[in-house]
1. For Met1, only one of the following conditions fails: (1) surrounded by 12 or more Cβ atoms within 10 Å (Cβ to Cβ); (2) of a type in the set (A, V, I, L, M); (3) under 17 Å from Gly68 (Cβ atoms). What is its number?
2. Out of the range 19-36, which residues are farther than 19 Å from Glu8 by Cα, open to solvent by 100 Å² or more (accessible area, probe 1.4 Å) and of a type outside the set (A, V, I, L, M, F, W, C)?
3. Listed residues Thr12, Thr48; which is under 9 Å from the mean Cα position of the chain (by Cα) and either charged (D, E, K, R) or open to solvent by less than 80 Å² (accessible area, probe 1.4 Å) (or both)?
4. May I ask you to list the residues in the range 58-68 that are open to solvent by less than 40 Å² (accessible area, probe 1.4 Å) and under 18 Å from Ile38 (Cα atoms)?
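The values are calculated or read from the model by the stated rules, or taken from the named source; none is laboratory data. Everything numeric here is computed off the predicted structure, so don't read it as measured data. All Cβ positions, even for glycine, are placed from backbone atoms using ideal geometry, and neighbour counts span all protein chains on display. In case anyone asks, the SASA skips ligands and DNA or RNA and just uses the protein heavy atoms, side chains included. Shrake-Rupley method; radii C 1.70, N 1.55, O 1.52, S 1.80 Å.
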Amino acid sequence: MSIIELAEVRKTYPLGKTEVQAVKGVSFRIERGDFISIAGPSGSGKTTILNMIGLVDRPSGGEVLIEG
């Protein structure tokens, strides 16, 4: 069983009359004992993903599952 699973997670923030897509359909699993890193350029959604895993923020779509 995965300890963390993201399934087609999306996060959109309103910016005036437009919307900014911070995360676009990210899916992955972390199994017990895995050692991972999240890497990417500035503005790619790394902190947004970590905030959703840490339950600080909610996804606009998709699912974040913690231990099922």
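1. Unmet for Met1, out of (1) surrounded by 12 or more Cβ atoms within 10 Å (Cβ to Cβ); (2) of a type in the set (A, V, I, L, M); (3) under 17 Å from Gly68 (Cβ atoms): (1).
2. The one that is farther than 19 Å from Glu8 by Cα, open to solvent by 100 Å² or more (accessible area, probe 1.4 Å) and of a type outside the set (A, V, I, L, M, F, W, C): Arg32.
3. Only one candidate passes the filter, namely Thr48.
4. The answer is Val64, and nothing else.
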